[in-house]
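Everything below concerns the one structure shown next.
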Amino acid sequence: QVQLVESGGGLVQAGGSLRLSCAASVRFFSATVMGWYRQAPGKQRELVARLTSSGIVYHVDSVKGRFSITRDNAKSTVYLQMNSLKPEDTAVYYCNLRVGVTDYWGQGTQVTVSS
């Protein structure tokens, strides 16, 4: 059974930084596609960043230059470094693991950016 455990959310002032972590309990972590999504109140869940097993990176335009997704395969962990945070980044952030066509989700971690 796949489990994803997120940590690192919290309250930060605009311009500050946070680093989210997601530890996965899954075999062959290095072969998975890992991603971070977020969902703000009243909005749909959106993809923030994705990192494939071969190292292909995607960041949504609104976070380019501020957020960075990385992974440590030895620790089966994916990270989202978030710098220059803005109030509009406030949301629940979810870790996503994709194996083939199957998606697994973490429980979510709240990120709140005050102005």
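Packing here is the average count of other Cβ atoms within 10 Å per residue, and on that basis the peptides 14-20, 94-100, highest first, run 94-100, 14-20.
Counting protein heavy atoms only, the range 7-115 has 50 percent of its accessible area on carbon and sulfur, 1.4 angstrom probe. The local environment of residue 9, defined by Cβ-Cβ distances under 13 Å, has a net charge of 0 under the rule Lys, Arg +1 and Asp, Glu -1. Across the options 78, 65, 94, the greatest Cα extent toward the positive end of the charge dipole of the range 57-98 (unit charges at beta carbon of Lys, Arg, Asp, Glu) belongs to 78. For the chain, the equivalent ellipsoid derived from the Cα gyration tensor has semi-axes of 23, 14, 13 Å, listed largest first.
Sorted largest first, the principal axis extents computed over the alpha-carbon atoms of the range 33-100 equal 34, 24, 20 Å. Excluding residues on the same chain fewer than 8 positions from residue 43, give the lysines whose Cα lies under 20 Å from its Cα. Of all the lysines, those that pass the test against residue 43 - Cα under 20 Å, at least 8 places apart if same chain - are 86. Taking all protein chains into account, the per residue accessible area for the chain stands at 54 Å² (1.4 Å probe). Mean sequence separation of contacting Cα pairs (under 8 Å, at least six apart), scaled by the length of the chain, corresponds to a relative contact order of 36 percent.
The values are calculated or read from the model by the stated rules, or taken from the named source; none is laboratory data. Here the structure is a predicted model, which is why all the values come from computation and not from measurement. Ideal geometry is used to build each Cβ from the backbone, glycine not excepted, and the neighbour counts take in all protein chains shown. In case anyone asks, the SASA skips ligands and DNA or RNA and just uses the protein heavy atoms, side chains included. Shrake-Rupley method; radii C 1.70, N 1.55, O 1.52, S 1.80 Å.
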